[in-house]
Amino acid sequence: MEHPVGEPLPLSDAPMASDIDWRQKGGVTGVKNQGSCGSCWTFGAVGSTEGVHKAATGSLVTFAEQEFLDCVYEGKRDGCQGGWMQDCFTYAQQNQRLAPSSAVSYRGRDGSCSYRGKANGLKAKVTGQYAVPASESGHMSGLTRGPIAVAFEVTSACQQYRGGVLRDTSCRGNANHAVTMVAYDSKSFAIKNSWGGSWGSSGYVYMARNHHNCKLYTHSAIITMSGNNPGPDPTDGPNPGPDPTSAPDCKDDYSTCGLYTDYMCKYYVSLCMKTCGKC
């Protein structure tokens, strides 16, 4: 699938701070868990949306990844097969809505885009998105505006990460996992993952600065918001479409199929029939 490319993010004119942490600014919700669905792209996008929304409105809302999962690729393919964070931002701008998780809980499967009458948690207007410059300094500058949706290559070293600063030298492929960058200091970037709080360092991985970090700087984007968002009429919403279906007996037999999709579909496709699109 083609990678969406947005307008480049202008670098901030403000002096570069020695550190920025959106958790301390109240712009980061708790660590979430995508489960066996390959929906990391929705979690990466929602993390940026939550932080930028906090900066624009002063209100931290926990948004529903499920709406992106149900609607962004509606009628095209199963969102549990992966996607791009930028497509989530485009959806939010086109529809000027995103449900709070208090109204729409995460189900871990792609369902029907039936959001007519569902609550809209956006209190600021989504004005667009920017592509963050593919450099360390570009990401430091981008974090002055809010958390950033980023992607990188998951390796065995990353899977086994339990704390400290990760300087992964085993990367050989392309970015295959989306997350949210929420902070930096003199040593590392703090990355919020979506594998639950028991993984890594309480759900986070700290990636070393002055290092390529498995293409961490390659596909990054940040949503933009301003002013107030009147939102669509409560009776309106994305047009509901058919509920994507698959063979009823086709399922994943391994809990991490959606977490390590490329690896599992290469070596253990028989255990991940649904995730690997073999239904």
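Against the criterion of being assigned to a loop (DSSP other than H, G, I, E, B) and under 21 Å from residue 181 (Cβ atoms), residue 61 qualifies.
Here residue 46 meets each of (1) under 25 Å from residue 208 (Cβ atoms); (2) within 13 Å of the chain's Cα centre (by Cα) with one exception, condition (1).
Would you be able to say whether some residue in region 93-113 is free of Cβ contacts under 8 Å to residues at least 12 places away in the same chain and not charged (D, E, K, R)? Yes: one or more hits.
Please determine, by comparing only the residues of region 167-223 that are without any contact (Cβ under 8 Å) to a residue 24 or more places away in the chain and surrounded by fewer than 16 Cβ atoms within 10 Å (Cβ to Cβ), which one is nearest to residue 90 (Cα to Cα). Selected residue: 172.
Table: residues versus (1) modelled with pLDDT of 95 or more; (2) under 25 Å from residue 153 (Cα atoms); (3) among the β-branched types (Val, Ile, Thr).
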| site | (1), (2), (3) |
| --- | --- |
| 85 | yes, yes, no |
| 94 | yes, no, no |
| 97 | yes, no, no |
| 104 | yes, no, yes |
| 107 | yes, no, no |
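For the condition more than 18 Å from residue 51 (Cβ to Cβ) and more than 18 Å from the chain's Cα centre (by Cα), residue 107 does not qualify.
Take the residues in region 21-37 that are in contact with a Phe, Trp or Tyr (Cβ under 7 Å, 6 or more places away or on another chain) and farther than 15 Å from residue 52 by Cβ, then tell me which one is surrounded by the most Cβ atoms within 10 Å (Cβ to Cβ). If you could, list the steps in order and put the result at the bottom.
As a first pass, look at region 21-37 and keep what is in contact with a Phe, Trp or Tyr (Cβ under 7 Å, 6 or more places away or on another chain): 28, 32-34.
Right, trim to farther than 15 Å from residue 52 by Cβ and you get 32-34.
Details: 32: 21, 33: 16, 34: 23.
Among residues in region 21-37 that are in contact with a Phe, Trp or Tyr (Cβ under 7 Å, 6 or more places away or on another chain) and farther than 15 Å from residue 52 by Cβ, the one surrounded by the most Cβ atoms within 10 Å (Cβ to Cβ) is 34.
The sole residue among 145, 116 that is out of contact with any strand residue (DSSP E or B) (no Cβ under 7 Å at 6 or more places or on another chain) and either among the charged types (D, E, K, R) or over 26 Å from residue 196 (Cβ atoms) (or both) is 116. Among the residues of this structure, residue 113 counts as one that is surrounded by 15 or more Cβ atoms within 10 Å (Cβ to Cβ), assigned to a loop (DSSP other than H, G, I, E, B), modelled with pLDDT of 95 or more and in the same structural domain as residue 49 (by TED's automatic domain parsing). Inside region 65-83, residues that are surrounded by 23 or more Cβ atoms within 10 Å (Cβ to Cβ) and either under 14 Å from the mean Cα position of the chain (by Cα) or within 15 Å of residue 177 (Cα to Cα) (or both) make up a count of 9.
Within region 125-157, if we keep just the residues that are part of a loop (DSSP other than H, G, I, E, B) and among the aliphatic types (A, V, I, L, M), the residue that is surrounded by the fewest Cβ atoms within 10 Å (Cβ to Cβ) turns out to be 134.
The values are calculated or read from the model by the stated rules, or taken from the named source; none is laboratory data. Given the structure is predicted, the values throughout are model-derived calculations rather than measurements. Backbone-built Cβ (ideal geometry, glycine too); neighbour counts: all protein chains shown.
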